[in-house]
Amino acid sequence: MAQERSTDPFSIFLNTTSRPQVHMGAAQSSEPLPPVAMAVLTALRDRPRTQVDALRLATGLTTLRIAEVVSMLLRLELISVHGDGADDEVELTARGRELLAAR
């Protein structure tokens, strides 16, 4: 178990007190979001519905990577996806805005 002032170089990864928490209903994940997911959320912060391709270009992510991140954020209910598959648009949910505001 990591202590506050441990000399163990890996103890910093075990301290989750300063990381954003993602709440999923009654369950809670103490795992922080990957930096790429936070970059996507941040890119959506001041945008209305945004096409996935425009978001991909804004973040510099590959098509596969943006699809993975969007899928993860959707499962966590941090974004919502609208469209028919070809021209999907994403936007932050209230939960996604709360997470960004807590940062």
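Please go through the stretch 44-103 and pick out each residue that is assigned to a helix (DSSP H, G or I) and of a type outside the set (A, V, I, L, M).
D53, R56, T59, T63, R65, E68, S71, R75, R95, G96, R97, E98
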Discussion item. Cβ contacts < 7 Å: first residue more than 17 Å from L57 (Cβ to Cβ) and at pLDDT below 95, restricted to the stretch 77-91; second residue among the aliphatic types (A, V, I, L, M) and open to solvent by 50 Å² or more (accessible area, probe 1.4 Å), any location; separation 6+ or different chain. Result?
Written reply: V81/L74
Fill in: Members of the stretch 54-66 that are over 11 Å from V40 (Cβ atoms) and of a type in the set (A, V, I, L, M)
A54, L57, L64
Item to complete: State all residues of the stretch 59-103 that are open to solvent by 60 Å² or more (accessible area, probe 1.4 Å) and either in contact with a strand residue (DSSP E or B) (Cβ under 8 Å, 6 or more places away or on another chain) or small (G, A, S) (or both); if no residue qualifies, say none.
Response: G60, L74, E77, G83, A86, D87, R95, A101, A102
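Within the stretch 44-57, count every residue that is hydrophobic (A, V, I, L, M, F, W, C) and either surrounded by 15 or more Cβ atoms within 10 Å (Cβ to Cβ) or in contact with a Leu (Cβ under 7 Å, 6 or more places away or on another chain) (or both). Steps first, answer last, please.
From the stretch 44-57, those hydrophobic (A, V, I, L, M, F, W, C) are 44, 52, 54-55, 57; that's our starting set.
Of the ones still in play, those that are also either surrounded by 15 or more Cβ atoms within 10 Å (Cβ to Cβ) or in contact with a Leu (Cβ under 7 Å, 6 or more places away or on another chain) (or both) are 44, 52, 55.
Adding up the residues that qualify gives 3.
The values are calculated or read from the model by the stated rules, or taken from the named source; none is laboratory data. Predicted, not measured: the structure shown is a model, and the values here were computed from it. Note that each Cβ is placed from the backbone with ideal geometry, even for glycine, and that neighbours are counted across all protein chains shown. Note: areas computed on protein heavy atoms with side chains; ligands, DNA, RNA excluded. Shrake-Rupley method; radii C 1.70, N 1.55, O 1.52, S 1.80 Å.
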